[in-house]
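Structure below; questions to follow.
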Amino acid sequence: RVSSRPVLVAEDVRIGAPGEAGAGAPHAEERGHPAGDGIRIARVEVEAGLLRSLAARWPHIDRLAAEGIRWGAGTADPERIEFEVRHAEGRAPADGPAQLQGSGTVAGRAFRAELEGGPLAALLEAESPWPVAIFAEGAGASLRIAGELWRAGPEGGRALAGEFRFGLGAPDAQATARIFEAELPELGPSALAGQLRVESGRIELGELVGSA
């Protein structure tokens, strides 16, 4: 008997080039870091609705869960910024919004993030603008992004373009900047909002409004 809700499980998934440690040198993962600048995922679990996938001719994902997603830029740099998602969970039904929530650490500080978009099939077809909303908070700051993606390029090529409104706030901008080893003048509580437009080879910022 074939289940109508099969579950796919993958463990110790690695994406990217292996570390460049020389002979006899400990690998990055042995030092507690992911290999090279690649991504390492401890476990991924996908539960799909087989019958609904066949009816829609598109994967119907009832549940997606991942644990231990780790990435670090510049393995050889002792001051590199490490990014880890301890747990993420979401769903992507064939005929409904895609949703994803996750939490973890960046530069040793806790964060959480949420993403919601339209159906994934609609994103690939790109026959109309695809809505997306993102919220993230951590390292003493919060970020909200809302907007749309659409197909760009000659004759509707595969490239995507987008336009978004964003808002960024930090109760203590100096403390947040110090986490990433950056220095800012004494600002106190700060906020920045504006519009972002992204096209192939071009990024535009506009309507910027800030307070400090």
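The values are calculated or read from the model by the stated rules, or taken from the named source; none is laboratory data. All values derive from a computational prediction rather than experimental measurement. A quick note on method: Cβ atoms are made from the backbone with ideal geometry, for glycine too, and the neighbour counts reach across all protein chains shown. Heads up: the accessible areas ignore ligands, DNA and RNA and are worked out on the full protein's heavy atoms, side chains in. Shrake-Rupley method; radii C 1.70, N 1.55, O 1.52, S 1.80 Å.
Conditions: (1) under 17 Å from GLY108 (Cα atoms); (2) modelled with pLDDT under 90. GLY68 meets all but one. Number of the miss?
With (1) under 17 Å from GLY108 (Cα atoms); (2) modelled with pLDDT under 90 applied to GLY68, the lone miss is (2).
Can you tell me how many residues within the stretch 1-60 are of a type in the set (Val, Ile, Thr), open to solvent by 60 Å² or more (accessible area, probe 1.4 Å) and modelled with pLDDT of 75 or more?
Going through the stretch 1-60 one residue at a time, the tally reaches 4.
Just to be sure, is ARG86 at pLDDT 90 or above, within 23 Å of VAL44 (Cβ to Cβ), surrounded by fewer than 16 Cβ atoms within 10 Å (Cβ to Cβ) and of a type outside the set (S, T, N, Q)?
It is true that ARG86 is at pLDDT 90 or above, within 23 Å of VAL44 (Cβ to Cβ), surrounded by fewer than 16 Cβ atoms within 10 Å (Cβ to Cβ) and of a type outside the set (S, T, N, Q).
Taking ILE81 and the conditions (1) modelled with pLDDT under 90; (2) farther than 29 Å from ALA175 by Cβ; (3) in contact with a strand residue (DSSP E or B) (Cβ under 9 Å, 6 or more places away or on another chain); (4) β-branched (Val, Ile, Thr), which numbered condition does it fall short on, given that it satisfies the others?
That leaves (2) as the condition not met.
Of all residues being small (Gly, Ala, Ser) and in contact with a Ser or Thr (Cβ under 9 Å, 6 or more places away or on another chain) in the stretch 100-117, which is surrounded by the fewest Cβ atoms within 10 Å (Cβ to Cβ)? Just the residue, please.
ALA110
Of the residues ALA175, ALA136, ALA191, ALA146, only one is modelled with pLDDT of 70 or more, of a type in the set (A, V, I, L, M, F, W, C) and not in a strand (DSSP E or B); which?
Being modelled with pLDDT of 70 or more, of a type in the set (A, V, I, L, M, F, W, C) and not in a strand (DSSP E or B) holds for just one of ALA175, ALA136, ALA191, ALA146, which is ALA175.
Tally up the residues in the stretch 83-137 that are over 28 Å from GLY38 (Cβ atoms) and hydrophobic (A, V, I, L, M, F, W, C), please.
Result for the stretch 83-137: 6.
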